[in-house]
1. Considering the dipole of the stretch 42-134 built from charges on the beta carbon (Lys and Arg +1, Asp and Glu -1) around the Cα centre, which of C124, L79, T58 is farthest to its positive end?
2. Given points 7 Å out from each Cα along the Cα-Cβ axis, report the R132 to H106 separation in nanometres with one decimal.
3. Quick check: residue separation of D93 and E78 times 0.36 nm, minus the Cα distance between them. What number comes out in nm?
4. Net charge around L89, counting only other residues with Cβ within less than 12 Å of its Cβ (Lys, Arg = +1; Asp, Glu = -1)?
5. Rounded, prolate or oblate: which one fits the stretch 45-134, using the alpha carbon gyration tensor with axes a ≥ b ≥ c (rounded when a/c is under 1.5, else prolate when a/b beats b/c, else oblate)?
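Nothing in this text is a laboratory measurement; each read-out follows from the coordinates by a stated rule. Computed from a prediction, not measured in an experiment: that's the story for all the values here. Reconstructed Cβ throughout: ideal geometry from the backbone, glycine too, with neighbour counts over all protein chains shown.
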Amino acid sequence: MTTSSCRPSAGEGGYTSGKILDAFRLYACIQTKQRFQANDSSTAGPDERQKQALRAVTRTLYRLSRQAQGEELLKIVELVYFYDASSLLKKGDISMRVTKASLRLHYSERQIYYHLKHVRETFCEVLYELERFG
C-alpha cells in the first residue's frame, strides 16, 4: 500500500510527520504515567482522536516487532520518538536524537532516517486500516 492512498494531505485531516511524532510521544507519555502513577481518576483521559492515534501506535509497534528487523526498529523508535516525550521539542532535537541513535546502534544517520520513514509509513497504513475497517 502506498503512502498517498493511506495518508491524505494535512488539509484533508490527514497526518503529517509532526502529528505522527506527536502520536508516538503521547503514547510514550501515557506509558510512563501508567508506570509511575497509581490509578488517578482526577486526570482527564484522551479524546477520541487521541485514542485512535494510540490504538494506531500500539498496532504499529506490534506490526514492527513482527518484522525481520523488529527489535532494531523498536529500539530506533524508543531512542528517537520516545526519549523524553513529556518535554517540548526544540529545533534540532530529532536530528540530535538520530545522531545519538546512530552512534549507539552503529547505523548511519541515513539508515536511521530510512527506518523512521518506514515506521511512519507503517503507522499510516495501520491508521488507514483503523479508519476504514474499524
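1. So the residue furthest toward the plus end is L79.
2. Roughly 4.0 nm, to one decimal.
3. Answer, rounded to one decimal: 4.0 nm.
4. Result for the neighbourhood of L89: +1.
5. Oblate, since a/c reaches 1.5 and b/c is not below a/b.
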